[in-house]
Structures are given as C-alpha cells and as structure tokens.
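One structure is given below, encoded as structure tokens.
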Amino acid sequence: MIILRAIPSILKILFSKNVIVSLAVMIAYVALMIVMFYKIGFWNISMLFVTIAWFFGTAFMAWVNVNEVNKNQDYFKKAILDNFKLAFTVGLLGFIINLHVFSLTIELIILPVLSVIYIIIEYLKIKKEYSQVSKVLNPLLVIAGFYLLISAVFNIYSDFKSFLTINNLFTFLLPPALTFLYLPFIYLLALYVAYDKIFKLLNSWVDKRNKELAKFAKRKIFYTHFINLRNLNNFSRKNTGNLIRLNSKEDLLNIIKPFESSKAHDRN
C-alpha cells in the first residue's frame with residue numbers, strides 16, 4: 001500500500017513544463033553519450049539492459065535530486081562516490097547477466113521486476129517517509145543478487161575462457177564511464193536551477209518596480225559568479241532578503257562586493 005502511494009509522487013515530477021524540457025535535454029545528452037560510445041566500439045546492443053539500469057538507477061535519480069546540489073555544498077563530493085558505487089553495482093549486475101543465459105521467464109519477468117525494485121529503492125532514499133518500504137524491498141534485492149552472483153561464479157568456473165572477453169570488460173566499465181561523462185551535465189543543470197531561482201525572485205520583486213534594475217542585477221550576478229556554483233549558492237542563501245528589498249544599483253553592488261573580492265582572491 002505504501003509503495004502504491006509512492007508511485008504518484010514519482011510521476012508528479014513529470015507534470016511541469018520546465019521539468020519535461022529538462023528531462024528531454026537529459027535524455028538527449030544520455031543518448032549522445034551512448035552514440036559516442038557506439039561509434040568508438042565501447043557499446044553494443046548486448047549492453048542495453050545495463051544501460052537502462054544505469055539510466056534509471058543513476059542518471060534519472062541524479063536528475064530528480066538535482067535540487068540537493070544547491071542545498072548541500074558538499075553534494076558533489078558525496079555524489080561522485082555514491083554514483084560511482086552505484087555505477088559499479090549496475091556494471092556488475094550487467095556483467096553477471098551477460099555471463100549467464102537465463103530462461104525466457106527470467107528474461108521477460110524477473111529481471112524487469114528486479115530493475116523496478118532497484119529503481120524504487122533508489123528513489124526512496126530521498127523520500128524518508130517511505131523508509132519502511134526500503135526495509136522490505138532491500139532483502140528481496142539482496143537475495144536475487146546473491147542468486148545471480150552464485151550463478152555467475154558457477155558459469156565462470158565452468159567456462160573460464162568465455163569469461164575473459166573484451167565485451168564483458170566493457171559491460172563492467174560502461175556504467176562508471178557513463179557516470180563520469182554525466183556528472184558535468186548535472187553540474188550545469190544545477191547551475192541553471194540556481195540562476196533560475198534568483199532570476200525568478202528578481203522578476204517577482206524587482207522587475208515590477210524597476211525593469212532596468214532587474215536586468216542590471218541579472219547581468220551583474222551572472223558576470224560575478226558565471227559557472228561557480230558554490231559561490232552562486234552562497235550568494236543566494238545570504239542575500240535572498242536583500243534581493244527582495246533591492247532599490248538601486250548601489251544596493252546590488254554592496255551585496256555583491258564580498259563575492260567579487262572572493263572571485264579576485266581565487267584568481268590569485
């Protein structure tokens with residue numbers, strides 16, 4: 001019952017126009033990575049299951065969780081470790097699947113079900129109110145994973161030569177490689193979200209009083225912070241009230257001055 005209540009929450013994030021656009025851009029970026037890997041011989045159709053598992057387990061969840069990047073200054077340090085752990089897990093799962101020829105029942109039913117369970121568990125990590133669901137689903141995934149691992153070990157022992165293939169190596173390395181190329185996209189998306197939040201604030205409070213001041217503020221803020229997400233988030237947290245009360249260019253220059261000094265210090 002709790003799982004059924006969680007599903008609408010997952011789907012709800014797809015209703016906004018901005019969210020749909022950002023999701024489409026994310027999918028296009030991932031597709032571009034896959035095409036690039038295919039062109040250089042690093043990806044083939046046998047890796048489709050691993051790619052789908054990585055997309056929903058890593059790419060999609062990082063996209064859903066993009067606001068956490070702006071709330072937590074150390075997000076990327078933690079995210080890099082967590083996402084690479086997750087990527088290696090997905091890679092290992094795909095690696096095991098490639099080693100074993102499963103029955104049609106497992107291919108069509110069990111593996112997709114396990115994938116859905118895995119995706120739900122990853123989603124519930126950011127929904128603390130459904131933590132009890134994770135406690136139920138995690139053991140199921142562990143048991144299934146243990147079975148697949150035992151099957152893989154048996155197959156390796158039975159036919160060691162087929163284990164030592166370039167395709168198996170690429171299958172294992174694919175999720176970490178995708179994650180490595182995907183993190184810059186998440187950074188730029190978080191940067192866009194941070195700027196969008198500030199600019200919407202200026203549109204709501206300053207633009208109505210002084211359009212030229214609002215435009216000047218946007219240009220100045222962008223020039224000062226550019227792609228420095230940490231500084232931009234610090235500025236946003238400390239100056240939300242100041243931006244709402246902004247009345248002149250001098251007000252803006254005063255609140256931006258400490259960050260310009262920080263920028264100059266970083267260059268030196």
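Bear in mind that the values in this text are calculations on the coordinates, not laboratory data. Fair warning: this is a prediction, and the values are worked out from it, not measured in the lab. Neighbour counts are summed over all protein chains in view; Cβ atoms, including those assigned to glycine, are modelled from backbone coordinates with ideal geometry.
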All positions within segment 36-51 that are among the hydrophobic types (A, V, I, L, M, F, W, C) and surrounded by 15 or more Cβ atoms within 10 Å (Cβ to Cβ): F37, F42, W43, M47, F49, V50
Cβ pairs under 6 Å, 6+ apart, first in segment 164-181 and among the aromatic types (F, W, Y), second buried (at least 19 other Cβ atoms within 10 Å of the Cβ): F172/G91; F172/F95
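Would it be correct to say that L252 is over 18 Å from V193 (Cα atoms) and not in a helix (DSSP H, G or I)?
Working: over 18 Å from V193 (Cα atoms): yes; not in a helix (DSSP H, G or I): no.
So L252 does not fit the description; no.
Condition first: charged (D, E, K, R) and part of a loop (DSSP other than H, G, I, E, B). Now tell me which residues in segment 181-230 satisfy that. Lay out the reasoning, then the answer.
Going residue by residue through segment 181-230, those that are charged (D, E, K, R) are 196-197, 200, 207-209, 211-212, 215, 218-220, 230.
Those that are charged (D, E, K, R) and part of a loop (DSSP other than H, G, I, E, B): D207, K208, R209.
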Total residues in segment 35-62, condition more than 18 Å from L169 (Cβ to Cβ) and without any contact (Cβ under 8 Å) to a residue 24 or more places away in the chain: 3
